[in-house]
């Protein structure tokens with residue numbers, strides 16, 4: 001398998017990691033803002 | 001008194017931990033991309049720097065869920081149940097990330113995304129267990145009974161962790177042994193690779209702590225609202 005096709009797998013893992021870390025952080029902060037507004 | 005007055009917004013501790021996590025993660029990512037390629041796997045080794053961290057946080061989160069489950073059964077305070085559930089949720093999220101990372105690593109190295117070898121099988125069982133944990137929580141309406149059943153499940157769930165960790169030693173298969181052999185206290189990695197992995201490990205741990213703090217605050221607010229409504 002050549003190195004460019006290997007890059008797809010590495011990229012997929014890093015994109016998923018960023019999505020979880022930043023996406024979940026953003027979701028929690030959004031939920032906190034929502035709760036603040038409702039209160 | 002307005003019950004949310006003192007707890008509104010992101011508290012300073014969560015803000016500080018989240019900011020620190022972001023800063024350390026940035027350094028970790030820089031180190032991961034600066035680290036040399038592996039002799040056998042080339043740059044595919046970069047998956048390791050985030051894959052191990054995700055697995056570690058999943059273990060940690062499930063362990064913390066167990067600790068708070070024990071505290072709930074001991075003290076009978078709903079707050080402990082809420083933190084236990086919050087930690088289990090984060091653990092499940094990171095466990096799914098671990099499975100995805102593992103599959104992306106397996107395809108180019110083993111030729112398949114998934115195979116029922118011991119580490120992967122025990123990882124699937126661990127994940128399925130915590131999916132079951134949340135199904136259980138949603139299936140029970142009575143808050144007290146739900147908290148007790150969930151606490152029992154959270155305590156039982158951690159049994160899977162040592163089995164999952166040790167599976168690569170007990171049933172030698174195609175999955176590599178631990179990157180950090182905590183039993184024999186050794187690693188086979190180059191120093192720059194170790195640094196990249198440890199910094200990323202620290203960063204995701206801090207992310208976990210920040211997430212738990214925010215999730216805990218959200219759960220506490222939900223609990224306070226339920227009491228307010230009654």
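The values are calculated or read from the model by the stated rules, or taken from the named source; none is laboratory data. Source: prediction; values computed, not measured. All Cβ positions, even for glycine, are placed from backbone atoms using ideal geometry, and neighbour counts span all protein chains on display.
Taking into account only those residues within the range B:181-198 that are in a helix (DSSP H, G or I) and surrounded by fewer than 21 Cβ atoms within 10 Å (Cβ to Cβ), which is modelled with the lowest pLDDT?
Residues of the range B:181-198 in a helix (DSSP H, G or I): B:191-198.
Those still in the list that are surrounded by fewer than 21 Cβ atoms within 10 Å (Cβ to Cβ) too: B:191-192, B:194-195, B:198.
Working: B:191: 83, B:192: 87, B:194: 90, B:195: 92, B:198: 94.
It comes out as B:191.
Determine whether the range B:52-75 contains at least one residue that is surrounded by fewer than 23 Cβ atoms within 10 Å (Cβ to Cβ), under 18 Å from residue B:207 (Cα atoms) and touching a strand residue (DSSP E or B) at 6+ places or on another chain (Cβ under 9 Å).
Yes, that holds for at least one residue.
Sort out which residues of the range B:23-63 are within 9 Å of chain A (Cβ to nearest Cβ) and either at positive phi or out of contact with any helix residue (DSSP H, G or I) (no Cβ under 8 Å at 6 or more places or on another chain) (or both), and write them in order of number.
Within the range B:23-63, B:42 is the sole residue that qualifies.
Just to be sure I understand the filter: pairs with C-beta atoms under 6 Å, separated by 6 or more residues or on different chains, first member in the range B:2-16 and facing another protein chain (nearest Cβ under 9 Å) and within 13 Å of residue B:220 (Cα to Cα), second member at pLDDT below 90 and assigned to a loop (DSSP other than H, G, I, E, B). Which pairs pass?
B:4/A:39
Name the residue, out of B:132, B:91, that is in contact with a helix residue (DSSP H, G or I) (Cβ under 8 Å, 6 or more places away or on another chain), within 14 Å of chain A (Cβ to nearest Cβ) and modelled with pLDDT of 95 or more. Write out each step before concluding.
Working: B:132 fails: within 14 Å of chain A (Cβ to nearest Cβ).
Within the list B:132, B:91, the selection yields B:91.
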